[in-house]
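Inspection log for the structure reproduced underneath, given as structure tokens.
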Amino acid sequence: MAIEAGPIETAQPGAASRRPLGRLSRSALTRAGRAALLATGRAPVPDAIEPIVQAHRRHHPQADLALLARAYRLAEEGHRGQTRKSGEPYITHPLAVTMILAQLGAETTTLVASLLHDTVEDTEVTLDQVAADFGPEVAYLVDGVTKLEKVDFGAAAEAETFRKMLVATGDDVRVMVIKLADRLHNMRTIRHMKPASRVRIAKVTRDVLIPLAERLGIQVLKTELEDIVFATLHPEEYARTRAVVAAHEARPDELLQPFAGTLARQLAEAGVPAEVTVRPRHCVSVHRVMLKRAAAAGPDGRPQALQPADFGRLLVVVEENADCYAVLGELHTCWTPLPGEFKDFVAAPKFNLYQSLHTAVQLPGGEVAEVLVRTRQMHRVAEFGVVALGDPHQPADRAAAAPPAATGTPAASGAPAGGDELDRTDPARPGWLSRLLAWQQETPDPDAFWSTLRDTLADDGEITVVTEEGDTLHLPVGASCVDAAYLLGEETGHRCIGARVNGRLATLSTVLRDGDMVAVLTAPTGEPPGPSADWLEHARTPAARLADGGRLAGLPAAAPEVETGPADGRPVPQPLPHPPAGVRGRAPVAVAGRPGTPVRLARCCTPVPPDAVTGYPIRGGAVAVHRTGCPVGERMREDGRGPLRLTWVPGAAPPNGYRVALQAEALNRPRLLADLTAAISGEGVGIFSADVEAPRDLRVRHSYTIELPGAETLPAVMRAMLRVPGVYDVYRAGAPREDAADGPAADPPDGAAEVAAGRNGGDPADGAVRPSWGMHGRSAALSGGSSSGAAGGPQG
């Protein structure tokens, strides 16, 4: 079903893609309306709104027409003498907007508000007058769509107007429905605007209003807006696409229509009552298929051309939910289904309440046809979205109209049979709208709000993940574990230290997929260890980005200094955990006699200052930096790559800090993983990856790759891990060979002697912590560039 409209002003996009409503001449409508009024004894309505009345009565036979007539008279009187840029009387605009809503099936209150939606903004009528004459409900809707004045808000007026509409939509979704109908009529007449204004309005429609129409499920508005925007911003591509569509329409349909007839007969024989029709694609949809075909090479290596089945799909409308699956069974029995093309949105509706079965079958000639199967009520919701749910003030009506999976039933949810009278937004206020309303409160800056809103609405999909406790989380496609953590609560997000996805340990940057089971690991006690600046790169949702950024902005520029130093109390410089901007990112190692040579820290032995290191030439003129005695480096030496003498550059550090591989040996117990990750994160260190080996003889080995903000934090991290109950050894993975560890191949830099003596970079062992010597014969917490196994035993 399409909304009645005149030709699209730019280039008539999608004119034949939908079956138009039956049209009656003005005189015929007048005669029919008057005859009906005389027969029922109702008071006559103004001639101008008789088409609206006829459309409204199709959906609401008992509507209060007197209220509509009063609203029209007030709007006509207020707009009298005003004209649009097209030269038409201004009253034609609210009449057209109201006609769109009447065809959607909106109830009387929405139509009254749409007739008055510009009165407060453009006439002498006040909001108090609207409330006195039509009630607070109509006044709320009118106020929600009233734009803010540029005189008061300047350049921020547009952003703040949309913020105001979103907030109002959170209480009554009809505010956004009226705005979408208003924008549709403005887009139909956009040719009367200046070229620059046309482009600006079309871009806002594309970036904000079309995604909102999609999320509200109002497909008939979305598709027409898409076609007009396409024609406005890309007139040449639009013209080519329209020519392709027109050429196809001029030819008889020898594929989909015969298939529809065959399917209808098959369903009749099977005793499944159904209506089978061909549903043409609108212009933008055809253009997307063209781009997809052009990008895919055919058997001859050339781009594929459009096929007859690309111009439409079959729509099967049945009476009951069970009939949907009966139709699916007939389809897959009589024709060959394509693997991977079946989607069940009946059992699991989309976030915009859409329900249908999607499948694709191969026809006898080899062509592929897509088929949609839904009930009549599903079809109404799929076309008209939240408008089909009825008046949000009537929970009982709304629950009856909405999909069961989207609304919940009293038996399932425990809600009272009549619903909560104070809840006017469920399911018209879905999860995405609640998230928008939540983060907009944290974004007072209009520019930040506007850019974030556009970025958020650009996410064209949503996934559902489940926590290990059974809670359901709705996230945009591409969301990471960071987003899931902040969706569970801001404090949970700040304190998260890791995640478990489908039972396996995962980094916070892991991108979640639909249906994943996720558990967010948080620090058990103490101050929250996060957030980290790196999280901003992985956060997809505005809530996570804003909370993370706000917390980081509130943190001091430098972390508190840690009191470290030799046992004799000599004063030593206190290094910052994060090197200054001037040195962070510089090469941390200098090659003797080769200034400026690029270096790469080896991942096999993860060298950090003050490790004794040796360089080996690699491709591209760079030098690989290995810990002295590293087996990989020794093999490079044996291959003839001469070793190079290296020195650490004081104060320099890689852009992302030092990456170090640590291993912890422990007695297996519950919550060991959570406690170890909490200990690491509690030192302000990020976990890049983690792995847990299968337990053997009650012992287990944990391997972590961590990113140190500075090399001086390594001893503290290792000591913190060793304090975890059950851990008896912590050491660096990829350690040099024992024979090489007995004597370094090169003189160690300053501080290495302290490492051999049991101190890593001048950081002595904590007297309260007794390092375990474990099975590796060296101090677990204080092992450095060379083994301290020869140092003589454990230190107390």
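Of note:
- Yes/no for residue 544 being at pLDDT below 75 and hydrophobic (A, V, I, L, M, F, W, C): no
- Selection of region 148-190 for residues being aromatic (Phe, Trp, Tyr) and buried (at least 17 other Cβ atoms within 10 Å of the Cβ) yields only 162.
- Some residue of region 349-356 being at pLDDT 90 or above and either surrounded by 14 or more Cβ atoms within 10 Å (Cβ to Cβ) or more than 29 Å from the chain's Cα centre (by Cα) (or both): yes
- Among (1) of a type in the set (A, V, I, L, M); (2) touching a residue at least 24 places away in the same chain (Cβ under 8 Å); (3) crowded, with 17+ Cβ neighbours inside 10 Å - the single one residue 622 does not satisfy: (3)
- Test result for residue 167, at pLDDT 90 or above, under 31 Å from the mean Cα position of the chain (by Cα) and among the β-branched types (Val, Ile, Thr): no
- Across region 492-517, the qualifying residues are those that are farther than 21 Å from residue 703 by Cβ and buried (at least 22 other Cβ atoms within 10 Å of the Cβ), and the one among them that is modelled with the lowest pLDDT is 495.
- Residue 484 under 28 Å from residue 687 (Cβ atoms) and either free of Cβ contacts under 8 Å to residues at least 40 places away in the same chain or part of a loop (DSSP other than H, G, I, E, B) (or both): yes
This table checks each residue for (1) more than 26 Å from residue 722 (Cβ to Cβ); (2) at pLDDT 85 or above; (3) under 41 Å from the mean Cα position of the chain (by Cα).
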{"residue": "630", "(1), (2), (3)": "no, yes, no"}
{"residue": "639", "(1), (2), (3)": "yes, no, no"}
{"residue": "661", "(1), (2), (3)": "no, yes, yes"}
{"residue": "666", "(1), (2), (3)": "no, yes, yes"}
{"residue": "670", "(1), (2), (3)": "no, no, yes"}
{"residue": "674", "(1), (2), (3)": "no, yes, yes"}
{"residue": "696", "(1), (2), (3)": "no, no, no"}
{"residue": "700", "(1), (2), (3)": "no, yes, yes"}
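- Scanning region 2-13 turns up no residue that is assigned to a loop (DSSP other than H, G, I, E, B), charged (D, E, K, R), within 16 Å of residue 116 (Cβ to Cβ) and at pLDDT below 90.
- Any chance residue 276 is over 29 Å from residue 199 (Cβ atoms) and either touching a residue at least 12 places away in the same chain (Cβ under 8 Å) or in the same structural domain as residue 379 (by TED's automatic domain parsing) (or both): yes
- Members of region 180-228 that are under 20 Å from residue 103 (Cβ atoms) and acidic (Asp, Glu): 182, 214, 224, 226, 227
- Residue in region 89-97 that is farther than 28 Å from residue 218 by Cα and either surrounded by fewer than 23 Cβ atoms within 10 Å (Cβ to Cβ) or of a type in the set (A, V, I, L, M) (or both) present: yes
Residue-wise test of (1) more than 11 Å from residue 272 (Cβ to Cβ); (2) buried (at least 20 other Cβ atoms within 10 Å of the Cβ); (3) not assigned by TED's automatic domain parsing to the domain that holds residue 217.
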residue: 325; (1), (2), (3): no, no, yes
residue: 330; (1), (2), (3): no, no, yes
residue: 337; (1), (2), (3): yes, no, yes
residue: 361; (1), (2), (3): yes, yes, yes
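- Condition met for residue 253 (touching a residue at least 40 places away in the same chain (Cβ under 8 Å) and of a type in the set (Asp, Glu)): yes
- Qualifying residue in region 29-43 (condition: modelled with pLDDT of 85 or more and on the phi < 0 side of the Ramachandran plot): no
- Qualifying helices (runs of 4 or more DSSP H) (wholly inside region 404-473; at least 3 residues being at pLDDT 70 or above): 431-440, 446-458
- Residue tally, condition part of a helix (DSSP H, G or I) and either surrounded by 13 or more Cβ atoms within 10 Å (Cβ to Cβ) or aromatic (Phe, Trp, Tyr) (or both), over region 60-88: 14
- The set of residues from region 659-680 being touching a strand residue (DSSP E or B) at 6+ places or on another chain (Cβ under 7 Å) and not small (Gly, Ala, Ser) comprises 659, 660, 662, 663, 665, 667, 668, 672, 673, 676, 677, 680.
- Neighbours by Cβ (under 9 Å, 6+ apart or cross-chain): first from region 708-720, closer than 16 Å to residue 601 by Cβ; second assigned to a helix (DSSP H, G or I): 708/714; 708/717
- Condition broken by residue 148, with the remaining ones in (1) more than 23 Å from the chain's Cα centre (by Cα); (2) assigned to a helix (DSSP H, G or I); (3) without any contact (Cβ under 8 Å) to a residue 60 or more places away in the chain satisfied: (2)
- Single residue of 594, 645 found to be assigned to a strand (DSSP E or B), surrounded by fewer than 20 Cβ atoms within 10 Å (Cβ to Cβ) and over 44 Å from the mean Cα position of the chain (by Cα): 645
- Of the set (1) over 21 Å from residue 510 (Cα atoms); (2) in a loop (DSSP other than H, G, I, E, B); (3) touching a residue at least 12 places away in the same chain (Cβ under 8 Å), all apply to residue 684 but (1).
- Criterion violated by residue 730 - all others in (1) at pLDDT 50 or above; (2) surrounded by fewer than 18 Cβ atoms within 10 Å (Cβ to Cβ); (3) of a type in the set (Val, Ile, Thr); (4) more than 25 Å from residue 510 (Cα to Cα) satisfied: (2)
The values are calculated or read from the model by the stated rules, or taken from the named source; none is laboratory data. Quick caveat: nothing in here was measured; it's all calculated off a predicted structure. All Cβ positions, glycine included, derive from the backbone under ideal geometry; neighbour counts span all protein chains shown.
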